[in-house]
Amino acid sequence: MAEAGTRKIVVGEVTLNVWRGGEGPAVLLLHGFPDSLALWRYVAPRLVAAGHDVIAPDLRGYGESDAPAGRRHYTMDRILGDLVGLLGALGVEEKVHVVGHDWGAAVAWCLAMAHPARVRSSVPISVGHPREYALAGLEQRRMGAYTIYWQLPAIAESALSRNDFAGLRRWSRHHPDVEACVRDMARPGRLTAGLNWYRANFASVMFGSWPPCRVPTLGIWSSEDHCLAEDQMVKSARRMAAPWRYERIEGATHWLPLDQPQRISDLALEWFERN
């Protein structure tokens, strides 16, 4: 294939910025909030070196991809449509391995359940099955209380952006690239676009009726995650109708692809090989 690099791909109503490199079985890498495809800059080369065709898009609203105005543009159906359309535009016909972090992990779960014919295996990092997130205990409710506050248009934006984005910096604690995230979110409309993922999907994804997951899934969680409790990942096992494995990484923060890229790559490659 062509030399690794980024290019713009028109998919339906949006133009997505996409990095692609390598040859072999396809792997789709999905970032979350407030990141971009740069989240995978240490993981992607390892997957390429192991013999994979690696595809990492800036998801809609993030990075250099389009950020349409209005929360209706950020529903899970549209996001999944972007990914299915992107694979088609890139000529990827076979099933793909999917690795997602944060919102990208939620998308990985939903893609596996809504489009199992497109997914060979899944590696959601940090975020468990949507229903298990919704049903998680008091620790998760405490840790995830910000998601309710972020439903408030303008108020949430103000709280996160005032005083040189002090609120976003505080929420993103331990992020190795927080300055890059702030620069991205400071562009006109971009913070609202990121928050619209929460606003468009809060009820429909967590409280929706999802079928059992029939795609082999490796769930990964880190002990120093400040956003997500362990139970919502562990209990995802009961939503599975395919092979499941849980891996806990001690001493690592929420930002696992940057914090522990070698460990994430090794775990993912082992899971790909088994499935």
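The values are calculated or read from the model by the stated rules, or taken from the named source; none is laboratory data. These numbers were taken from a predicted model, which means no experiment stands behind them. Virtual Cβ from ideal backbone geometry, glycine too; neighbours counted across all protein chains shown. Side chains included, ligands, DNA and RNA excluded: accessible areas come from the protein's heavy atoms. Shrake-Rupley method; radii C 1.70, N 1.55, O 1.52, S 1.80 Å.
Measuring with a 1.4 Å probe in the full set of protein chains, what accessible area per residue, in whole Å², belongs to the stretch 2-51?
I get 41 Å² per residue for this part.
Which net charge results when you count Lys and Arg as +1 and Asp and Glu as -1 among the other residues whose beta-carbon is under 15 Å from that of A4? Walk me through the numbers on the way to the answer.
Values: positive: R7, R20, R41, R46; negative: E3, E23, D53.
Summing Lys/Arg as +1 and Asp/Glu as -1 gives +1.
Using a 1.4 angstrom probe, figure out how much accessible area the stretch 70-166 has per residue, in square angstrom, rounded to the nearest whole. Display every interim value, and only then the final one.
Details: 3820 Å² over 97 residues.
That works out to 39 Å² per residue.
Explain nothing, just the number: relative contact order of the stretch 54-155, from Cα pairs under 8 Å at least 6 residues apart, as a whole percent.
It comes to 19 percent, rounded to a whole number.
So for the chain, averaging the separation of alpha carbon pairs under 8 Å that are six or more residues apart and normalising by length, what relative contact order in percent results?
21
Calculate the spin-label point distance for R72 paired with Y149, positioning each point 7 Å from the Cα along the beta-carbon direction, and give it in nanometres.
Spacing of the two 7 Å Cα→Cβ label points: 3.0 nm.
Keeping all protein chains in place and using 1.4 angstrom, which order do E23, E3 fall into by accessible surface area, from largest down?
Ranking E23, E3 by accessible area, largest first, yields E3, E23.
Residue by residue through the stretch 35-41, what is 3J(HN,Hα) from phi via Karplus (6.51 cos²θ - 1.76 cosθ + 1.60, θ = phi - 60°)? Round to whole Hz and write x for glycine and proline.
After applying 6.51 cos²θ - 1.76 cosθ + 1.60, I find 8, 9, 4, 4, 3, 9, 5 Hz.
Using alpha-carbon positions, what is the distance between the centroids of the stretch 8-23 and the stretch 115-156, in Å?
Answer, in whole Å: 25.
Per-residue ellipticity at 222 nm for the chain, helices alone: DSSP H runs ≥ 4 residues times -39500 (n - 2.57), over residue total, nearest 500 deg cm²/dmol?
On the way: 12 runs with 113 residues, N = 275.
That calculation yields -12000 deg cm²/dmol at 222 nm.
Near the amide H of A252, under 5 Å away, which other amide H atoms are found, from residues 5 or more places off or on another chain, if H is placed in the peptide plane?
Sorted by chain and number, the residues that satisfy this are S223, E224.
Leaving ligands, DNA and RNA out of it, report the carbon-plus-sulfur percent of the accessible area of the chain at a 1.4 Å probe.
On the chain, the fraction of accessible area on carbon and sulfur atoms equals 53 percent.
Under 1.5 on a/c is rounded, so check that first for the chain, then, if it is not, pick prolate when a/b is larger than b/c and oblate when it is not; a ≥ b ≥ c are the square roots of the alpha carbon gyration tensor eigenvalues.
rounded
For the stretch 181-194, take each phi angle, set θ = phi - 60°, evaluate the Karplus expression 6.51 cos²θ - 1.76 cosθ + 1.60, and give the result in whole Hz per residue in order, putting x for glycine and proline.
Values, residue by residue: 5, 4, 4, 5, 6, 6, 5, x, x, 7, 5, 4, 4, x Hz.
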